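Below is one structure, written out as structure tokens, with a few remarks after it.
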Amino acid sequence: MAKKKSNDKMSVKGRNKHPKTDLPVSKHKSKSKEKHKHIIELRDVWKIYQMGDVEVPALKGININIHEGEFVAIMGPSGSGKSTAMNMVGCLDIPTKGDIYLDSKNIAQMTESELAQIRGQKIGFIFQQFNLITTLTALENVMLPMVFQDKPREERVERAKVLLEMVNLGDRINHKPTELSGGQQQRVAIARSLANDPEVILADEPTGNLDTNTGTNVMEFLCKLNNKESKTIVMVTHDEEVAEFAERIEILRDGEIVQSKKGKNHDAACNKDKGGRRR
Ligand SMILES: Nc1ncnc2c1ncn2[C@@H]1O[C@H](COP(=O)(O)OP(=O)(O)OP(=O)(O)O)[C@@H](O)[C@H]1O
Ligand SMILES: [Mg+2]
């Protein structure tokens, strides 16, 4: 695993810089003290797609509790319901049956605009295809989610720079996505997911389009966010090695959770410079 030799680029002059770490991105650290608080709960969640006369049950009554500051992987073969589950966790879709609680609020009782607002504030998304806007620079891509939260331009520029420096792309801020490597594009996407300082990062196959080394590097960044910034991370992957970086792995098969286990590489990869664990 390629480890960065120096943290120079991670040490930036951001206003929110945390005194004990070199990561300047979050205001949510203190929340990790609230042990065992669930930030996301899925209770008996069903998703049944209607295809003409045929019902396709993509999720069959899944239950998942995700604690604040936890790093959970949802793993399973193609078609097992991972993306459907992720869409539920991210409040991008509503279940056919069952309840989803985000920060103890039942999302079924929210209006579409309340849902969009809560998503924008609490959740950052990372996708397999990066989903960057090709006509915008790295800086502009990272600034974009802040526009929807009405942040002044100066603040947007400042924070986007801090976040890009955090993912070691301080010297690439004016590059467009096509002028960046796959790993660099995914790091821009990680920076963008942090724009509004969300409590939860959802990543659907974040390493799916990357070679092994670059994928490992991206996983190290996710570990760092979990470890140093106490971000809750929920990641979907079909790759067992990638899943092993998570604290807990939930295995989906045919729309059901069939196993829950500990990630083997989590402690070594994600807690290596942590003084003590939160839970
Ligand atoms: N919009 C839809 N309409 C109908 N069926 C759907 C829809 N989306 C997904 N499905 C079906 O639901 C099941 C689960 O799909 P999902 O995309 O969640 O799988 P996945 O585990 O993410 O797979 P992959 O690893 O290939 O991305 C599949 O059988 C799929 O065909
Ligand atoms: Mg999928």
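Derivation of every value follows stated rules applied to the coordinates shown; laboratory data play no part. What you are looking at is a predicted structure, and each value in this text was computed from that prediction instead of being measured. Neighbour counts are summed over all protein chains in view; Cβ atoms, including those assigned to glycine, are modelled from backbone coordinates with ideal geometry.
Students often get this wrong: which residues of the stretch 191-228 have the backbone nitrogen under 17 Å from the point 7 angstrom along Cα-to-C-beta of PHE148? Of the residues in the stretch 191-228, 191-204 have backbone N under 17 Å from the label point off PHE148. Phi angles across the stretch 52-65 convert, under the Karplus curve 6.51 cos²θ - 1.76 cosθ + 1.60 with θ = phi - 60°, into 3J(HN,Hα) values of x, 8, 9, 9, 10, x, 7, 10, 10, x, 8, 10, 9, 10 Hz, Gly and Pro given as x.
Let me have the relative contact order for the stretch 115-226, percent, based on Cα pairs under 8 Å that are six or more residues apart. Spell out each step's value before the answer.
Numbers: 162 pairs, mean separation 45.2, N = 112.
Value for the stretch 115-226: 40 percent.
Fully extending the segment from GLU158 to ARG253 would add 29.8 nm, taking 0.36 nm per residue of separation and subtracting the current Cα-Cα distance. With distances taken between every two different alpha-carbon atoms, the stretch 80-127 has a Kirkwood hydrodynamic radius of 11.2 Å. In the stretch 116-178, if every C-alpha pair distance is counted and binned at 10 Å from zero, what percent goes to each bin? Cα pair-distance distribution for the stretch 116-178, in percent: 21, 53, 25, 1. Within the stretch 49-114, the ratio Rg/Rh, alpha carbon atoms throughout and Rh by Kirkwood, equals 0.98.
Taking θ as phi - 60° and the Karplus parameters 6.51, -1.76 and 1.60, the scalar couplings of the stretch 240-257 work out to 4, 4, 5, 4, 5, 6, 7, 6, 9, 10, 9, 9, 9, 9, 6, x, 10, 7 Hz in sequence order, x denoting glycine and proline. Can you bin the stretch 164-225 into rounded, prolate or oblate? Criterion: square roots of the alpha carbon gyration tensor eigenvalues sorted a ≥ b ≥ c, rounded for a/c under 1.5, prolate for a/b above b/c, oblate for the rest. Since a/c reaches 1.5 but b/c is at least a/b, the shape of the stretch 164-225 is classed as oblate.
Would you mind classifying the stretch 83-157 by shape? Square roots of the alpha carbon gyration tensor eigenvalues, ordered a ≥ b ≥ c; an a/c under 1.5 is rounded, otherwise it is prolate if a/b is larger than b/c and oblate if not. Verdict is oblate for the stretch 83-157. Total lysine pairs in the stretch 56-205 at Cα distances under 21 Å, for residues eight or more apart or on different chains: 10. Taking a ≥ b ≥ c as the square roots of the eigenvalues of the alpha-carbon gyration tensor, the stretch 206-272 is classed oblate because a/c is 1.5 or more while a/b is no larger than b/c.
Based on the alpha-carbon set only, what is the convex hull volume of the stretch 58-192 divided per residue, in Å³? Mind dumping the intermediate values first?
Numbers: hull volume 18.7 nm³, N = 135.
For the stretch 58-192, the hull spanned by Cα atoms encloses 138 Å³ per residue.
Sequentially through the stretch 163-170, phi angles give Karplus couplings (6.51, -1.76, 1.60; θ = phi - 60°) of 5, 5, 5, 4, 8, 6, 10, x Hz, Gly and Pro residues having no value and appearing as x. The amide H of HIS175, built 1.01 Å from its N in the peptide plane, has ALA138, LEU139 as neighbours under 5 Å, considering only residues 5 or more places off or on other chains.
Normalised by the residues of the stretch 156-279, what does the relative contact order come to in percent, with Cα pairs under 8 Å and at least six apart? If you can, show how the numbers build up before the last one.
Values: 136 pairs, mean separation 22.9, N = 124.
Normalised by residue count, the contact order of the stretch 156-279 is 18 percent.
Annotation: amide H of LYS37 within the under-5 Å range of GLU68, sequence separation 5 or more or interchain, hydrogens built in the peptide plane.
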